[in-house]
1. Out of PRO238, PRO227, PRO165, PRO185, which single residue is surrounded by fewer than 24 Cβ atoms within 10 Å (Cβ to Cβ), within 18 Å of the chain's Cα centre (by Cα) and closer than 24 Å to MET90 by Cβ?
2. Could you check VAL6 against (1) of a type in the set (A, V, I, L, M); (2) more than 11 Å from the chain's Cα centre (by Cα); (3) buried (at least 24 other Cβ atoms within 10 Å of the Cβ) and say which number it fails?
3. With ILE197, ILE211, ILE162, ILE204 as the choices, which residue is in contact with a Ser or Thr (Cβ under 7 Å, 6 or more places away or on another chain) and aliphatic (A, V, I, L, M)?
4. Quick test of your reading of the structure: LEU102 fulfils all but one of (1) surrounded by fewer than 16 Cβ atoms within 10 Å (Cβ to Cβ); (2) in contact with a Pro (Cβ under 6 Å, 6 or more places away or on another chain). Name the failing condition by number.
5. Which condition number does ALA154 fail, the rest of (1) crowded, with 19+ Cβ neighbours inside 10 Å; (2) within 25 Å of VAL75 (Cβ to Cβ) being met?
6. Check VAL60, VAL75, VAL89 and return the single one that is of a type in the set (A, V, I, L, M) and either within 17 Å of SER128 (Cα to Cα) or modelled with pLDDT of 95 or more (or both).
7. For LEU174, state whether it is of a type outside the set (Asp, Glu), out of contact with any Leu (no Cβ under 9 Å at 6 or more places or on another chain), buried (at least 17 other Cβ atoms within 10 Å of the Cβ) and over 24 Å from VAL75 (Cβ atoms).
8. For VAL75, which of the numbered conditions (1) surrounded by fewer than 20 Cβ atoms within 10 Å (Cβ to Cβ); (2) closer than 30 Å to PRO202 by Cα; (3) free of Cβ contacts under 8 Å to residues at least 40 places away in the same chain; (4) β-branched (Val, Ile, Thr) fails to hold?
Amino acid sequence: MRIAVVSDVHGSLTPLEEVVGDIERQAPDLVICGGDLVLMGPQPAEVIDLVRELGWPGVVGNTDEMLWRPELRAVRLEQAPRLRALTEVMFDRYPPFTSERLGEERLDWLRALPEEHRVDELCVLHASPGDLWRAPMPDADDDKLERTYGGLGARVVVYGHIHRPYVREVGDALVVANSGSVGVPWDGDPRASYLLIEDGRPRIVRVEYDIEREVALLESSGHPDVPRLAEMRRRGRPLPVEEWSR
């Protein structure tokens with residue numbers, strides 16, 4: 001079975017459409033979404049509508065649940081005090097913009113997504129088991145990957161969240177992979193990223209898209225954080241809120 005994993009679209013329809021086109025050419029048997037479909041982009045409703053039209057199953061992400069769990073703001077401020085500026089922007093400014101465009105029916109659809117999706121020996125989740133907010137980085141050692149994902153009992157584990165694609169063999173019985181981000185890559189490569197799994201072997205696929213078109217959509221959307229989000233798409237890297245809110 002050939003399976004594609006598409007994650008972290010973040011309301012960005014332009015790269016998603018290019019990824020859909022590439023996936024259609026690859027013709028996998030199944031496509032699974034790895035969470036974070038809508039927040040941070042100009043077209044959250046259009047992203048959900050396309051994913052639903054395509055019939056892709058998927059899992060919930062941390063920026064998805066921010067839309068209906070505002071109480072997590074206080075939890076995040078306590079757990080990650082150094083990220084106060086980012087947390088405040090993400091919880092205070094992004095959800096009103098996104099929720100208004102989604103409407104209740106699409107929000108209900110997001111709420112109903114599970115935290116894991118399993119197919120044969122594959123498990124897809126957004127970050128870590130039982131935690132949508134914390135996940136290993138690509139340079140994590142094998143012991144950490146084994147501690148985090150070994151208990152799932154899957155031969156291949158794929159997650160999103162960190163926006164940095166990689167594939168790692170952990171011992172003889174586990175492969176851990178990150179699918180990267182369709183909408184906001186953070187590994188220095190601004191091309192959209194997704195994962196294609198063939199015969200249990202994941203590989204990263206990069207897809208070019210019209211970044212300036214997406215930037216123009218951001219600028220015309222009234223999104224509350226346009227300059228920083230636009231530059232992140234151009235650079236393919238995260239940028240600190242503090243430097244862009246002066």
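The values are calculated or read from the model by the stated rules, or taken from the named source; none is laboratory data. Note that the structure is a prediction, hence the values are computed from the model and not measured. Cβ: placed from backbone, ideal geometry, glycine included. Neighbour counts: every protein chain shown.
1. From the options PRO238, PRO227, PRO165, PRO185, the qualifying one is PRO238.
2. (2)
3. So the residue among ILE197, ILE211, ILE162, ILE204 that is in contact with a Ser or Thr (Cβ under 7 Å, 6 or more places away or on another chain) and aliphatic (A, V, I, L, M) is ILE204.
4. (1)
5. Going through (1) crowded, with 19+ Cβ neighbours inside 10 Å; (2) within 25 Å of VAL75 (Cβ to Cβ) one by one, ALA154 breaks only (2).
6. Selected residue: VAL60, the only one of VAL60, VAL75, VAL89 that is of a type in the set (A, V, I, L, M) and either within 17 Å of SER128 (Cα to Cα) or modelled with pLDDT of 95 or more (or both).
7. Values: of a type outside the set (Asp, Glu): yes; out of contact with any Leu (no Cβ under 9 Å at 6 or more places or on another chain): no; buried (at least 17 other Cβ atoms within 10 Å of the Cβ): yes; over 24 Å from VAL75 (Cβ atoms): yes.
Taking the combined requirement at face value, the residue does not satisfy it.
8. It is condition (2) that VAL75 fails.
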